[in-house]
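The values are calculated or read from the model by the stated rules, or taken from the named source; none is laboratory data. Keep in mind the model is a prediction, meaning the values are calculated, not measured. Cβ sites come from the backbone with ideal geometry, for glycine too, and all protein chains shown count toward neighbours.
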Amino acid sequence: MRILVIGGGGREHAFVTAIHNSSKTTKIYCIPGNPGIAALAECISLDSSNPAILCQFAMEHAIDLTVVGPEVCLAAGVVDAFQKQGLKIFGPTRAAAELESSKTYAKELMKKYAIPTANYEVFTDAAAAKKYIECQGAPIVIKADGLAAGKGVVVAQTIVEACQAVDSMLADAAFGDAGSRVVIEECLVGQEASVLAFTDGYTIQPMVASQDHKRVFDGDEGPNTGGMGTYAPAPVVTTERMQWITQHVLQPTIDAMRAEGRLYSGCLYAGLMITEQGPKVIEFNARFGDPETQVVLPLLKTDFITVMEHCIEGTLQELDVEWNNGACVCVVLASGGYPGSYEQGLEITGLDDLLPETYVFHAGTAKQGDKLVTAGGRVLGVTSQAANLKQAVNKVYQEVPKIHFKDCHYRTDIAAKAFQK
């Protein structure tokens, strides 16, 4: 099969790796790709946010299956465009992807269908929002309604900080149109977990649960990022808890979307807080998470292409999706200063010194002549797989220090929560 992957980050590098390992694959294209992906696929420099351009490429190159990475492509309607031309594509339509592209829509859906989530209110007026915050107190969570590349969420510890976040989004337009409406919700307490699931719009098949680390510094300190590392499986999601999440969150959500006339097919990502009252939804994503994909896909035993085909064809109930035993840990190497301002174009060395079985997923890299250089905030996702979580942690932290670039920053406590009693 001729496969097209849309996107150019660590998530897409993980896609390409899994697709490359499939016996069904004959050729992989990636738009736009990155230097890491280029070792396994032909990278094409086209506008990945333009559905018409992507559709034309797929038709001209006889693409058998396309998989979408970034949420902006889904929100732009790339799946709709491909489906209109009769092209196979893995991912939800634009209407279904609103589950991620509008936090307001997601919260209203959960409220209507009794899917457990935090209490909330929605505001477009800064004064009204701040008045609400003063009544509710802190800590409290402020979210930009639209897509903000993982940075539109502020967990404010004080009323002052919360009001500053409101001003930043509503008055100063820090996130443009994405922040023209804000969701203010109660601050849930507990451990976070990410549960991704394959779905054809009717059947749900959960993936191995993982736990992301959003804060930039050890001990969950500092500002939120797009993700500083992750591990799977996450022991906070027990077998019984996964059954509960499937029954009370995942299945009701796709049933609700279908009832609303928005059949949801692809990957459904539930970001959860495991509270004393039980799991509650923090957010939904309409695609694979990054860096969660970098630890979940290496554990997938069933052929990745086969699973995607069943989702597209509406036959997922006929497939038993299997997973490998063991564990995966991913540590993100970031540019110094991220998620704020940072230097780019810094040479990366040491990749040739890693153990052969180490996955190095490129997220923000570029080529300058023969040199590999930094080209983003999150630069590399270094992932190790082992028989158990402790071994995977030890392996990855033996490999990470071998990689060098100026001001390289990474967390040293990825997966530490898994070992807390």
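Quick notes
- Criterion applied to Gly336, Gly350, Gly345, Gly340 was being touching a strand residue (DSSP E or B) at 6+ places or on another chain (Cβ under 9 Å), at pLDDT below 95 and over 30 Å from Pro235 (Cα atoms), and the one residue passing it is Gly340.
- Of the helices (runs of 4 or more DSSP H) contained entirely in segment 237-339, those carrying at least 3 residues that are surrounded by fewer than 18 Cβ atoms within 10 Å (Cβ to Cβ) and without any contact (Cβ under 8 Å) to a residue 12 or more places away in the chain fall at 239-245.
- Filtered residue count, segment 204-215, keeping only those that are assigned to a strand (DSSP E or B) and either closer than 18 Å to Gln247 by Cβ or of a type in the set (A, V, I, L, M) (or both): 3
- Listed conditions (1) farther than 24 Å from Val5 by Cβ; (2) touching a Lys or Arg at 6+ places or on another chain (Cβ under 8 Å); (3) free of Cβ contacts under 8 Å to residues at least 60 places away in the same chain are all met by Glu343, apart from (3).
- Hey, Glu60 outside the structural domain of Gly226 (by TED's automatic domain parsing) and free of Cβ contacts under 8 Å to residues at least 60 places away in the same chain or not: yes
- When the residues of segment 216-229 are filtered to those that are outside any loop (DSSP other than H, G, I, E, B) and in contact (Cβ under 8 Å) with a residue 60 or more places away in the chain, the one that is nearest to the chain's Cα centre (by Cα) is Gly229.
- The set of residues in segment 58-79 that are buried (at least 18 other Cβ atoms within 10 Å of the Cβ) and in a helix (DSSP H, G or I) comprises Ala58, Glu71, Cys73, Leu74, Ala75, Val78, Val79.
- Gln294, sole failed condition from (1) modelled with pLDDT of 95 or more; (2) outside the structural domain of Val195 (by TED's automatic domain parsing); (3) in contact with a strand residue (DSSP E or B) (Cβ under 6 Å, 6 or more places away or on another chain): (2)
- Odd one out for Gly176, checked against (1) free of Cβ contacts under 8 Å to residues at least 60 places away in the same chain; (2) of a type outside the set (A, V, I, L, M); (3) in contact with a Leu (Cβ under 8 Å, 6 or more places away or on another chain): (3)
Residue-wise test of (1) among the aliphatic types (A, V, I, L, M); (2) in a strand (DSSP E or B).
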site: Ala127; (1), (2): yes, no
site: Cys135; (1), (2): no, no
site: Ala138; (1), (2): yes, no
site: Lys143; (1), (2): no, yes
site: Ser168; (1), (2): no, no
site: Ala174; (1), (2): yes, no
site: Ala193; (1), (2): yes, yes
site: Leu196; (1), (2): yes, yes
site: Tyr202; (1), (2): no, no
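- Check on Val189, in a helix (DSSP H, G or I), β-branched (Val, Ile, Thr) and over 22 Å from Asn325 (Cα atoms): no
- Matching residues in segment 393-416 - criterion: being touching a helix residue (DSSP H, G or I) at 6+ places or on another chain (Cβ under 9 Å) and part of a helix (DSSP H, G or I): Val393, Glu399, Lys402, Ala416
- Yes/no for Lys151 being outside any loop (DSSP other than H, G, I, E, B), of a type in the set (D, E, K, R) and more than 26 Å from Thr17 (Cα to Cα): no
- Hits in segment 34-57 - residues which are outside any loop (DSSP other than H, G, I, E, B) and among the small types (Gly, Ala, Ser): Ala38, Ala39, Ala52
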